[in-house]
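Readers should treat all values here as calculations from the given coordinates under stated rules, not as data from a laboratory. None of these values were measured; they are calculated from a predicted model. Virtual Cβ from ideal backbone geometry, glycine too; neighbours counted across all protein chains shown.
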Amino acid sequence: MDAAPKAAVAAGGVTPDASAVRRFTTKQMGDACEMLVAAELTLAGIPALKVPDNWPHYDVIAQPLGAPAQRISVKSRTFKRGAAYVYYKAGDMFDWLAIVILSGEGGALRQVYMVPKATADHHARHDKPTSRTANDRYFRIDEVERLFSAFSSNFTLDEIGSHTKKGLAQETIGQAPVPER
């Protein structure tokens, strides 16, 4: 057995330099982010639950008091600058787009944006109508904060968003924490 597998066995299956390597699959990350969004909504007073896997168009259903049920499509990505995107299809039927961006350094830092579909559609990039990807709507991950900062931690599903959410402040990935007033 060479040194790398021995080190992995000694470290419980994880090599010493594996801190930058994810310890979960893409599916596990997606499921965890869907559960995270449902939990945050519920704790903010809007009961929510994750729908079964492969449910068409959305991942979480939420029931605001005195309002219709809200369908939420959850997209999760690991942060990196450059050509990394959040995608959805133009025909997907949902009311809110939840964008969960995890820290790229393997840490637990994350940012969640709860964006109304109309706002997401307005800011989304799209390709020419004749292209193979004409139905895709997308955002670069490193532009999400600039586009949707008003919807950061918007677990009350405020259609307008807010730049300051008392008690819901989180650090933004790639930026220093903003002090609360």
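Report note on the peptides 65-76, 37-48: ranked by the mean count of other C-beta atoms within 10 Å, highest first, their order is 37-48, 65-76. For the peptides 88-95, 110-117, the ranking by mean Cβ contacts within 10 Å, running from highest to lowest, is 110-117, 88-95. I need the calculated FRET efficiency for the pair PHE24 and ASN54, taking r as the beta carbon distance and R₀ as 22 Å, to the nearest 0.05. In this case the efficiency is close to 0.65.
Note on the range 20-148: Cα-Cα pairs beyond 22 Å make up 37% of the total pair count. A simple spin-label model places pseudo-atoms 7 Å from Cα toward Cβ; at TYR138 and LEU109 they are separated by 2.6 nm. Only lysine pairs 8 or more places apart or on separate chains count here, and in the range 43-137 those with Cα atoms under 22 Å apart total 8. What the Cβ-Cβ distance of LEU43 and SER149 gives, at R0 = 35 Å and to the nearest 0.05, is a FRET efficiency of 0.95.
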